Ligand code: ATP
Ligand code: MG
Ligand code: MG
Ligand code: MG
């Protein structure tokens, strides 16, 4: 079953059950706590927080999501994308635990002829919060899941709150056993590669109070009207229904790998390192196109910096695979063809998406060309002296004069079998930042200074968790 069909079936199932179909929100919402929309419930937050009355009691959507925090997993695990589609159903004070479990179970277990996904019920495992025996009881009664395939987890995994005082509640997650060839026995608690998480159900039933250092947001009462928030990974269902090994080989990503094979002359499925790069390209090409479509431009801070890193990582990966001409225009074209049936903006706005990506690639190639020369000289000097480490001052010069981000230097150094004195680099960066403080306003418009971005994160203006992953790109 193709991904577009999986998405459509989800919406149809919940519309039939009285839900209003709500379009995906943009990846960029005016929510100061988030860099990008990362879950289906984000656009419904005001209803859950009681700030606005929900215009419907039940809603369903397939939300575009970006999780930069998962970037290090891309190409390594079989299940993490930076961009993915989260299908969800939501109840605003309407049905609760039993309704949510019943509706989810119907969709996954009903045969494909009858409009469901037809997953083998014997392979389904579920988890419940350790203090929520009710959820386990419902799973057993409604879906016939035996006790052995229901596992309990503590609050770290199976309790959800919004990171602010307000609604919270236990979760129950649905997993599919991919079989012993994918890992150890023992259920999701033992192995999350073999037991693939496909769906998370959140039962909002508690009111959480002010945060305390010890208790987090302690429960202070029960919600007068209980809510449901769920999220199902569309790409993960595609992986299962298409019988492939990982999300990158599903129908909306694999053609990007095919294009990368064509552009690099290398084949997928032969060499481990190469495969990871192919998967990174497929994932990042799609995320970048979706971000540009929603109005992000490459830049030196915030969202723009994330996009810049994604685009540059594609270019680097393609070069390492042997590409010797620009690639981003071609990748954007493939993504547009794949995604426009569900997201028309990828088609109607293609010319702009393409030109943003192509311009960024040209800028980056210039940086790479000049910086690479200095880098090669530096490596040679270190090796002649029998050293193993590139000095912090050299990394700083590459950064300051040639616009080489530290992560690029780290990456290239690793390829040459060298390390980098990161502490030395950071000390020089800190020094530069100090002297430049008076000039902060002017520096804001500077070219290669990524520290602006870091400062912005340090000030805690965002919950963005991807910076470390983005700057320690050990895996390219
Ligand atoms: P995981 O434990 O696999 O990282 P999660 O628990 O972080 O997933 P949730 O926050 O519960 O994920 O999101 C709801 C659903 O969205 C998940 O059950 C999964 O199907 C899907 N999902 C989450 N993260 C990703 C991702 N990076 N790529 C693809 N699908 C994802
Ligand atoms: Mg996760
Ligand atoms: Mg999980
Ligand atoms: Mg989860």
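The values are calculated or read from the model by the stated rules, or taken from the named source; none is laboratory data. Since we're looking at a predicted model, the values are computed, not measured. For neighbour counting, all protein chains shown are included, and Cβ atoms are generated from backbone atoms with ideal geometry for every residue, glycine included.
Conditions: (1) in contact (Cβ under 8 Å) with a residue 24 or more places away in the chain; (2) in contact with a strand residue (DSSP E or B) (Cβ under 6 Å, 6 or more places away or on another chain); (3) away from ligand 1 (no atom under 13 Å from the Cβ); (4) not in a loop (DSSP other than H, G, I, E, B). Residue 138 meets all but one. Number of the miss?
(2)
Given (1) more than 25 Å from residue 23 (Cα to Cα); (2) within 27 Å of the chain's Cα centre (by Cα); (3) assigned to a loop (DSSP other than H, G, I, E, B), where does residue 117 come up short, assuming only one miss?
With respect to (1) more than 25 Å from residue 23 (Cα to Cα); (2) within 27 Å of the chain's Cα centre (by Cα); (3) assigned to a loop (DSSP other than H, G, I, E, B), residue 117 is out only on (1).
Is it the case that the range 361-372 has a residue that's assigned to a loop (DSSP other than H, G, I, E, B), surrounded by fewer than 17 Cβ atoms within 10 Å (Cβ to Cβ) and outside the structural domain of residue 7 (by TED's automatic domain parsing)? Give the steps one after another, and end with the answer.
Restricting attention to the range 361-372, the residues satisfying the condition of being assigned to a loop (DSSP other than H, G, I, E, B) are none.
Within the range 361-372, not a single residue is assigned to a loop (DSSP other than H, G, I, E, B), surrounded by fewer than 17 Cβ atoms within 10 Å (Cβ to Cβ) and outside the structural domain of residue 7 (by TED's automatic domain parsing).
Is it the case, given these coordinates, that residue 202 is outside any loop (DSSP other than H, G, I, E, B), over 26 Å from the mean Cα position of the chain (by Cα) and assigned by TED's automatic domain parsing to the domain that holds residue 106?
no
Taking the range 200-240 on its own, how many of its residues are farther than 26 Å from residue 57 by Cα, within 16 Å of ligand 3 (Cβ to nearest atom) and in contact with a helix residue (DSSP H, G or I) (Cβ under 6 Å, 6 or more places away or on another chain)?
Looking only at that region, the number is 3.
Residue 261 - would you say it is under 24 Å from residue 153 (Cβ atoms) and either without any contact (Cβ under 8 Å) to a residue 60 or more places away in the chain or over 24 Å from the mean Cα position of the chain (by Cα) (or both)?
no
Just checking, which of 248, 175 is within 12 Å of ligand 1 (Cβ to nearest atom) and outside any strand (DSSP E or B)?
Testing whether each residue is within 12 Å of ligand 1 (Cβ to nearest atom) and outside any strand (DSSP E or B) leaves just 248.
If you scan the range 28-81, which residues turn out to be within 16 Å of ligand 2 (Cβ to nearest atom), more than 22 Å from residue 296 (Cα to Cα) and free of Cβ contacts under 8 Å to residues at least 40 places away in the same chain?
73
Among 221, 243, 186, 216, which is the only one that is over 30 Å from residue 411 (Cβ atoms) and touching a strand residue (DSSP E or B) at 6+ places or on another chain (Cβ under 6 Å)? Give the steps one after another, and end with the answer.
Values: 243 fails: touching a strand residue (DSSP E or B) at 6+ places or on another chain (Cβ under 6 Å); 186 fails: touching a strand residue (DSSP E or B) at 6+ places or on another chain (Cβ under 6 Å); 216 fails: touching a strand residue (DSSP E or B) at 6+ places or on another chain (Cβ under 6 Å).
After applying the criteria, what remains is 221.
Of everything in the range 400-454, what is at positive phi and either in a helix (DSSP H, G or I) or modelled with pLDDT under 55 (or both)? Give them in sequence order. I'd like the intermediate steps shown before the answer.
Of the residues in the range 400-454, the ones at positive phi are 403, 417.
Passing the criteria: none in range.
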